[in-house]
Amino acid sequence: MAGAAHCSLQAKRLLLDPKFEGYKLSLEPLACYQLGLDAAVAEVQLRDDQYTLDHMRAFGMYNYLHLDSWYQDNVYYVDQFGRIMNLSVTLDTALQKPREVFRLPTDLTACDDRLCASMHFSSSTWVTLSDGTGRLYLIKSGKRGSSASEKWEIVFNEELGGPFIVAHSVSFVKSDAHSLAVLLLRVEKDELDTKGSGFHVTLEWLTIAERKEGDPRYEIIKRRVLQGKSVPHYAAIEPSGDGLMIVSHKSFTFMQGESDKLEENDDAEVSNEKKDPLYYWQQSQDDVTITVHLPQDITKDDVKIRFSPDNICVTLKDQPPLMEGKLYSSVDHESCTWIIRENKSLEISLIKKNEGCRWPELIIGDTRGEFIMDPSQCSEIAESLMHLTSEVMNPNPEKENPPCNAQELEECDAFLEDGASLCRFDGDTLKVTHIINLGSNQYLFSVVVNPREMPCFCLRHDVDALLWQPHSDQPENMWEHIATFNALGYVQASKQDKKFMACAPDYSYAALCECLRRVFIYRQPTPLATVLYNRKEGRQVGQVAKQLVATLEANDPILGFQATSERLFVLTTKTLFLIKVNSGN
């Protein structure tokens, strides 16, 4: 992952509540409605040869209920007859039976090694669908959620090898042609893995586009495969189709074809010969200085430099650009200057727009330069980190805030996967451009807040759960902290039987369900209508966060769980439950 920018997640202090006192159990009744299903959900049990933790995570814990984020309170599931069933809710007291919108052409029961059918809503009129046997369908659905304009038509239908589930998909227009990017997940036998589980995980990233000149048919124009040793917690394609973000315990790498390997070997031989850096660069709080050694025959008239707020281009004579690309951060391009020194070196000065921001790289993805750190900067960084190190363990145990003692941690604070990372892959170079080591920030769940953006992911930070919105088009704010669920990180850790977690797209509540019956709802703090006093501290309490518990009248395990701003949808084998959490405006 050389050349990747090592980033960190910046929490917004205004969204944190250090004085949060906990959840108060509320006995207020929750309206719960249930619909009996005409046919059972098409659940696929794990086979004897699907025995690893990755099989359980990918397929055994699969969410069989699909929320259509483009249309409010619209859910879908696949029944045992291969029918895609839809429930669209406008009024809880006048619920219609789920209706069939599409039927899979294949006989699902005829395939022994199939996985569960899966789907993803790529846009307001496109659906990506898998029957679990290895066949992918692209569906033009029309406007969904109303029987009048909804009509599902197959525009692409192809066998793509071994069975897979659809992890994510996006719809976009590029070069005047409509395209869809689809991410397929497989857990495959690995004959070379003799010490591990004997399996590896692949993510196949497809780009499917319409043919030119009015041809309505679609075809695959690009196939890329990533391989890793753990099922990703989160994998999503950027809305533009140009990049991919993955949260996983173990890293993923692109698998290359033979021609790519030959090219890489040639590149490796070249790179083995030690090359001098193309340029050197330094930085201060306010500016960046770049030094480039020029050939003897170059004069001032041969140098052409173009500055813009986010880019730089340096050209010598009529040659291809010597340096060109997107700068790590914005500059005041009108104040940027350059000069040729007596030793035939070109010196370029860039004025930072965001003073004090330390740049980890000059031009994003360009590894041909070498950063030179000033001795004073080295001592400044060392001094800022001094408080984190000591020659002795806990040198001052009597002070007010002693260091964390691992023995004081409770059992529910521990979790297995403390080595997870968040990586952003570029679709053209197939390289990692950004990486975040998540460390102890345990992944909890993902949610679509805005269907035109990437899905958000929720991570545990200390005891809280923080919701992050990726912005692939904003390099300086690529992951934004948009909401906090107080103490949810701690609360969920104590629920040993939890199966699914979710939150409302408007952040008004978070919820989790166990494998059987019970659903827990955690509302955001709200102002109190009446005065309440904390007797212990003798002060008035202004707001309270409520916890609610719903127990479903069902003996079947929960197979699907989705949250909207107003209600929770819970799916079992034969019943669909609706829990009214918030009243509509």
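The values are calculated or read from the model by the stated rules, or taken from the named source; none is laboratory data. Quick caveat, the model's predicted, so the values are computed rather than measured. In this analysis, Cβ positions are derived from the backbone assuming ideal geometry, glycine residues included, and neighbour counts consider all displayed protein chains. When the accessible area is computed, the model is the full protein with side chains, heavy atoms only, and any ligands, DNA or RNA have been set aside. Shrake-Rupley method; radii C 1.70, N 1.55, O 1.52, S 1.80 Å.
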Fill in: Members of Lys97/Lys143; Lys353/Lys431; Lys317/Lys344 lying beyond 24 Å, as alpha-carbon distances in this model show
Lys353/Lys431
Worksheet item: Over the range 61-195, what percent of the accessible surface lies on carbon and sulfur atoms, probe 1.4 Å?
Response: 48
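Given a 1.4 Å probe, how much area per residue of the range 279-367 is accessible, in Å²?
Dividing the accessible area of the range 279-367 by its residue count gives 55 Å².
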Worksheet item: FRET efficiency for Asp297 and Ser349, Cβ-Cβ distance as r, R0 = 30 Å, nearest 0.05?
Response: 0.75
Discussion item. On a straight-distance basis, which lysines could pair with Lys229 in a cross-link, Cα separation under 16 angstrom, same-chain partners fewer than 8 positions away excluded?
Written reply: Lys189, Lys195, Lys250
Fill in: In nm, spacing of pseudo-spin labels at Cys357 and Phe20 (7 Å Cα→C-beta vector)
2.9
Worksheet, complete the sentence: With a 1.4 angstrom probe the carbon and sulfur portion of accessible area for the range 279-367, in percent, totals 45
Worksheet item: Could you name the lysines in cross-link range of Lys495, using Cα to Cα under 20 Å and dropping any fewer than eight places away on the same chain?
Response: Lys24, Lys546
Practice prompt. May I ask you to give the solvent-accessible area per residue for the range 126-229, in square angstrom, as obtained with a 1.4 angstrom probe?
Written response: 44
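Normalised by the residues of the range 279-367, what does the relative contact order come to in percent, with Cα pairs under 8 Å and at least six apart?
On the way: 169 pairs, mean separation 28.5, N = 89.
Computed over the range 279-367, the figure is 32 percent.
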Worksheet item: Counting only protein chains, not ligands or nucleic acids, how are Glu347, Glu553, Glu324 ordered by accessible area (probe 1.4 Å), most first?
Response: Glu553, Glu324, Glu347
